[in-house]
Structures are given as C-alpha cells and as structure tokens.
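Working notes for the structure below.
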Amino acid sequence: MVRPSIVILTGAGISAESGLSTFRGNGGLWEDRRVEEVATPEAFAADPDSVHRFYNLRRAQLRDVKPNAAHHALAELERAWKGPFLLITQNVDDLHDRAGSQRLLHMHGELRKARCLRCGAIHPWDGALDQATPCPSCHQRSSLRPHIVWFGEMPLDMERIELALYLCDLFVSIGTSGNVYPAAGFVQQVGAQAHTLELNLDASQTTSLFHESRRGKATDLVPAWVQEISG
Ligand code: BJW
C-alpha cells in the first residue's frame with residue numbers, strides 16, 4: 001500500500017507561544033527597523049558588531065524558552081506517521097529539534113551554528129560571537145558569521161525541498177505570514193494531487209492559494225489537527 005506523504009512548513013508563529021517574537025507583528029524583532037533592511041549580507045558587512053550583538057542576544061534567549069504543544073505534536077506525528085514525512089522550518093530557533101523532530105530542514109539556517117566565511121566550516125555555537133572570535137577550524141579572526149540565511153542569499157536544501165513538495169499528498173503551512181520567498185511560493189509548487197492546508201492566527205498573504213485554512217493559535221490548532229489525521 002502506498003502511504004500518503006506529508007510536507008509541513010513552519011514559521012515564526014509556531015514559536016510565538018514559547019515566547020519568541022514573530023518578525024512582522026507588534027513588537028516585531030527589529031523594533032523600528034524592518035527585517036528586510038537589516039537581515040542582509042550588506043548590513044553585516046557595514047556593521048558586523050551590531051549584527052553579532054543582535055544574534056548573540058537571540059541565541060542567549062533560546063536558553064529561556066521551551067518547545068510548546070505545537071512543536072511536540074509535530075514530533076509525535078512524525079514518530080507515528082507511516083509514510084514519507086518532511087518538516088521544513090523557516091525558524092532559526094531550535095524548538096523543533098528539542099521537541100524531537102528528526103526529518104527536519106532549517107531552510108533559513110540555525111541560531112546555534114556559526115559559519116566561517118573563509119574556510120566554509122559550520123560549527124555548533126552556543127555562546128556569544130564577535131569579530132575577535134577565531135574560527136575553530138582555520139583559526140582566522142573576523143571570519144565567523146551567524147549561520148543564518150539573509151535576504152538575497154539562497155535558502156538551504158532547496159533541491160530536497162522542491163522534490164518533496166512535488167511528490168507530497170498533503171502540504172501544511174503553520175504560523176507563517178507568506179511575505180518571504182521562496183517559502184511563500186511552496187503552496188504553488190506542490191503537485192496537482194496534493195491537498196493544501198494553512199493553520200495560522202491571521203490570514204496570510206497566501207491564504208487564498210490554500211484549499212483549506214483554519215484560524216487560531218498554533219498550540220490549539222496543531223495538536224487538534226495531528227489528532228484528526230492520526231486518528
Ligand atoms: C501565529 C501565532 C500563533 C503569530 N499561532 N500563528 C519572489 C520570489 C523569490 C524570491 C523573492 C521574490 N521576491 C523577493 C524575493 C527575495 C526575498 C524576499 O522574499 N523578499 C520579500 C521581502 C519580498 N527572499 C530572499 O532573499 C530569500 N532568498 C532567495 O530568494 O534566494 C533566491 C532564490 C530564488 C528562487 C528559489 C530559491 C532561492 C532569502 C530569505 C531569507 C529570510 N530570512 C529571514 C531572516 C533570518 C534572520 C533572522 O532570523 O534574524 O527569515 S526574514 C524573516 O522572515 C525570517 C523568517 O524565517 C521569515 C519568514 O517570516 P515568518 O516566519 O512568516 O514570520 P512573520 O512574523 O512574518 O509571520 C508570523 C505569522 O505567524 C503571522 O502570519 C501571524 O499571524 C502568525 N502567528 N502568532 C499561530 N500563536
């Protein structure tokens with residue numbers, strides 16, 4: 001018997017109830033500056049210290065937050081699901097990892113990693129990072145950057161993602177506003193066989209493209225939906 005294949009995309013809304021700010025709502029991450037202006041390689045080149053400070057704070061914040069019922073429900077679904085399964089997150093936090101998700105891709109990178117611009121090595125990183133920190137592999141200073149995909153950079157694992165989208169039977173988008181591409185276009189990249197479902201607090205930019213859309217908090221909607229399809 002062929003088992004249905006699920007692809008799930010998550011965004012900042014799934015981590016909101018764990019205490020992490022979303023990007024575009026009230027109290028959005030960069031306060032009075034739009035994320036589109038500062039999350040760029042150009043902003044890092046112009047002022048690496050302030051970009052490092054921003055990510056150091058966010059990395060430290062991860063110690064004070066925990067996965068919520070929505071992260072746990074998706075990890076449970078992955079364990080129980082008999083067919084192909086892929087969880088794609090735009091989030092740079094580690095809450096899906098800590099909930100136990102395994103078939104997981106961080107398409108916009110990870111806060112708890114640093115990448116060397118000189119030798120390309122990617123290192124697990126829990127502490128603060130600055131221009132004086134040497135790369136553990138090549139020992140060069142001023143070469144480490146947060147392992148984050150900024151605007152104008154290619155998101156990670158795109159070939160694998162595009163194949164999974166094309167083949168899936170169910171595509172579910174959770175807690176994302178549909179402002180940022182290519183993720184916002186995934187709903188249009190699925191094959192004709194796929195049912196598409198959005199679970200979000202508010203209408204997103206792409207709500208009209210989904211077959212079905214449900215409104216509410218991730219910690220209510222996601223466990224209820226997981227129970228529905230697992231049952
Ligand atoms: C809740 C909730 C609760 C709240 N429960 N829900 C057209 C096509 C292709 C590309 C482009 C294009 N037009 C422009 C581009 C380029 C650009 C782009 O998209 N720009 C837009 C501004 C228009 N994209 C890029 O540059 C990307 N790279 C690229 O395109 O490479 C070329 C390429 C071409 C073709 C194929 C492949 C590649 C790179 C994008 C990198 C994004 N990086 C960021 C910042 C990371 C740094 C950091 O973290 O500081 O990633 S931007 C920021 O936005 C972050 C997020 O992952 C991303 C998405 O945000 P998200 O998750 O949707 O959050 P919010 O805040 O917007 O929404 C939260 C939602 O949750 C809301 O709807 C709430 O209602 C909801 N919610 N509480 C449920 N409790």
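Any read-out appearing in this document is the output of simple, stated calculations on the displayed coordinates, not a laboratory observation. The model shown is predicted, which means the values in this text are computed figures rather than measured ones. Cβ: placed from backbone, ideal geometry, glycine included. Neighbour counts: every protein chain shown.
Take the Cα pairs of the range 154-231, get the Kirkwood Rh, then feed it into Stokes-Einstein at 10 °C and 1.306 mPa s and tell me D in µm²/s.
The calculation lands on 121 µm²/s.
How much mean residue ellipticity at 222 nm does the chain get from its helices, if each DSSP H run of length 4 or more adds -39500 (n - 2.57) and you divide by all residues, to the nearest 500 deg cm²/dmol?
Roughly -8500 deg cm²/dmol at 222 nm, from the helical runs in the chain.
Quote the Stokes-Einstein diffusion coefficient, in whole µm² s⁻¹, for the range 1-118, based on the Kirkwood radius over alpha carbon pairs, a temperature of 20 °C and a viscosity of 1.002 mPa s.
136 µm²/s
Using label points projected 7 Å from each Cα along Cα→Cβ, tell me how many nm separate GLU212 and ARG79, to one decimal.
Each label point is offset 7 Å from its Cα along the Cβ direction, giving 2.5 nm.
Just want to confirm a number: the relative contact order over the range 95-231, from Cα pairs under 8 angstrom separated by 6+ residues, in percent.
Once normalised by length, the contact order is 16 percent.
Can you give the convex hull volume of the alpha carbon atoms of the range 55-180 per residue, in Å³?
That works out to 129 Å³ per residue.
Under the definition of Cα pairs under 8 Å and six or more residues apart, what whole-number percent is the relative contact order of the chain?
For the chain, the relative contact order is 24 percent.
Share of antiparallel DSSP beta bridges in the range 112-231, in percent to the nearest 5?
Given both bridge residues lie in the range 112-231, the antiparallel proportion sits at roughly 40 percent.
Can you pull out the cysteines in the chain that have no other Cys Cβ under 4.7 Å?
Result for the chain is CYS168, no neighbouring Cys Cβ within the cutoff.
For the range 115-155, what ratio Rg/Rh do Cα atoms give with a Kirkwood hydrodynamic radius?
Result: Rg/Rh = 0.96.
Given Cα positions, please report Rg to Rh for the chain, the hydrodynamic radius being the Kirkwood one.
Rg/Rh: 0.97.
Net charge near PRO41, counting Lys/Arg +1 and Asp/Glu -1 over other residues with Cβ under 11 Å of its Cβ?
Value of the local net charge: -1.
Have a look at the DSSP beta bridges in the chain and tell me what percent are antiparallel, nearest 5.
25 percent
What FRET efficiency comes out for PHE54 versus MET154 if R0 is 30 angstrom and r is the Cβ-Cβ distance? Round to the nearest 0.05.
With a Förster radius of 30 Å, E is 0.85.
What is the helix-to-structure angle for 69-80, meaning the angle in degrees between its Cα long axis and the longest Cα principal axis of the chain, kept from 0 to 90 and rounded to the nearest 10?
Approximately 60 degrees, to the nearest ten.
When the dipole is taken about the Cα centre of the chain, and only Lys, Arg (+1) and Asp, Glu (-1) are charged at their Cβ, what size is it in debye, to the nearest 20?
Dipole magnitude for the chain comes out near 480 debye.
On full extension of the chain, what length is gained from THR133 through ASP47, given 0.36 nm per residue of separation minus the C-alpha to C-alpha distance?
29.4 nm is the gain from fully extending THR133 to ASP47.
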